[in-house]
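Remarks on the structure that follows.
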Amino acid sequence: MTDIHDLTVTEQAAAIRAGELSPVQLTEHYLSRIDDLNDQVGAFYTVTHELAREQADLAEKAVTQHRRDGADPAALPPLTGIPVPIKDLNMVAGVRMTLGSTVYRDNIAADDDYVVSALRSAGIVITPRFIHNFSMSFDYFNIKLQDTIGSIGGDTIINNCVTTGDPVYCGAIHRDPNGSLFRTNAGFISDTNVNFGSLTTRGVDAKINYRLPIDDIGSFLFNLEGTRLINLGTQPLTGGPAYDCAGYFGTTCGAPNAKWRHVFNTTWATPWSGFDLTTRWRFLSGSNSEQISPNSQLAGRNLPLTQHIKPFSYFDLSADVSLYKMFKLQLGVNNVLDKDPPIITSGGGGFASDCPTITTLGSSCNGNTFPGTYDSLGRFFFARLTAQF
């Protein structure tokens, strides 16, 4: 006979709907296995026995009532009564979340994060933590700020003056005696802080960790942290047109807003106590000049040679050595391959600049590149000594 835990989630959910398996029975089965095996495999840091039992009881009552009402079992949430372990990196309201560190051993999450909320709505029974040596979390964010305080940008002021003739915008444009905005200090655009439209950002944060123990040579630790940027929108004026800077860079969007970026670390925890070696891969997906955006708020005359920044990868190496219990020495080199940063045009010759000295987003271009995004100094060696008391 197949053990309950050998059934797939789909098979378990079908058995619950058919009345062949109850949420309480399934939850008790898993709690029993956790109690029997956890000391051996160390898969769970926090086990919420009572919370799991309470939720299993509620799920069983919901299934029973559904059956009494003669309702279609398919109308139940798809994971009703299924115990699902939650990684210690995800917040579960009222449950300890240590982030894998003793520093946070007393930390109690105040709210559910997005992943847990979505799983609850699917009907799961929560039992935090899962596969031994493996953790994974995906957090969706969707942030919108209304009536943001800031400057709306000189390009927006000029565009709105040209298209509407509104004196609010045209009055902010000051030309010098020769009719120029930029040749002398007498020509300028007054772009002060105001309450303007809105800012939005939407995407997914990903975290994946895995430890691979290998006999006699220690273990390998793999860690990936990345962000998929879906939207980075700005509406300069309430009710006015908006633009999306995801995947673009330039005078309005600022430094490249890569749609995907990650840091991937591989650490060899050697069998020699206090000695670890780490390689790090930093990656940013490619970005385009805002001048080639189809949005009229961003588009302009671009310089073809620098309109696209290709994907960038940097590789770093470091070694950590513990000395005399309280000291730790770290030696390393960043940008091992000595990769040069991309060159960004400053405009001229009828072409618009993609290299702003300052933007409404606060990012700046210096030396025809974005030093806050790319390694402008090339290969970099470092040493660090820390002490713990």
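Where a number appears in this text, it was derived from the coordinates with a stated rule and is not lab data. Because the structure is a prediction, the values reported are computed rather than measured. Backbone-built Cβ (ideal geometry, glycine too); neighbour counts: all protein chains shown.
Sorting Ile214, Ile4 by the number of Cβ atoms found within 10 Å of their own Cβ, with the fewest placed first, yields Ile214, Ile4. Between the residues Ala319, Cys161, Ile217, the greatest Cα displacement towards the positive end of the dipole of the chain, with unit charges on the Cβ of Lys, Arg, Asp and Glu, is found for Cys161. Report the calculated FRET efficiency for Val41 and His308 (r = Cβ-Cβ distance, R0 = 41 Å), to the nearest 0.05. Rounded to the nearest 0.05, the efficiency is 0.25. 3J(HN,Hα) along the range 232-246: 9, x, 9, 10, x, 10, 4, x, x, x, 10, 9, 10, 9, 4 Hz, from the Karplus curve 6.51 cos²θ - 1.76 cosθ + 1.60 with θ = phi - 60°, whole Hz, x for Gly and Pro. Annotation for Met326 and Phe220: the two label points, set 7 Å from Cα along the Cα-Cβ direction, are 3.8 nm apart.
The GNM of the chain, with springs linking C-alpha atoms under 10 angstrom apart, assigns the highest mean-square fluctuation among Thr200, Thr163, Thr251 to Thr163.
One Cα centroid belongs to the range 174-242, the other to the range 1-59; the line between them spans 43 Å. Sequentially through the range 83-99, phi angles give Karplus couplings (6.51, -1.76, 1.60; θ = phi - 60°) of x, 10, x, 10, 5, 5, 9, 9, 7, 10, 3, x, 10, 4, 9, 9, 6 Hz, Gly and Pro residues having no value and appearing as x.
Over the chain, what is the relative contact order in percent, taking alpha-carbon pairs closer than 8 angstrom and at least six residues apart? If you can, show how the numbers build up before the last one.
Numbers: 814 pairs, mean separation 37.8, N = 389.
Reported as a whole number, the value is 10 percent.
As a proxy for reagent exposure, Leu337, Leu277, Leu284 were ordered by neighbouring Cβ count within 10 angstrom, fewest first; the result is Leu337, Leu277, Leu284.
In a simple Cβ point-charge model (Lys, Arg +1; Asp, Glu -1; nothing else charged), the chain has a dipole of about 1020 debye relative to its Cα centre.
Please give every one of the lysines within straight-line cross-link reach of Lys310, meaning a C-alpha to C-alpha distance under 27 Å, and leave out same-chain neighbours fewer than 8 residues apart. Straight-line reach from Lys310, under 27 Å: Lys207, Lys259, Lys339. Packing, as the average of other Cβ atoms within 10 Å across residues, places the peptides 86-93, 367-374, 176-183 in the order 86-93, 367-374, 176-183, highest first.
Apply the Debye scattering formula to the chain, with a single equal point scatterer on each alpha-carbon and no solvent, then give log10 I(q)/I(0) at q = 0.10, 0.13 Å⁻¹. At q = 0.10, 0.13 Å⁻¹ the computed log10 ratios are -0.91, -1.14.
For the chain, a Gaussian network of Cα nodes joined below 10 Å ranks Arg105, Arg280, Arg17 by mean-square fluctuation, and the top entry is Arg105. Site pair Leu377 and Leu99 shows an inter-label distance of 2.6 nm when each label is modelled 7 Å from Cα along Cα→Cβ.
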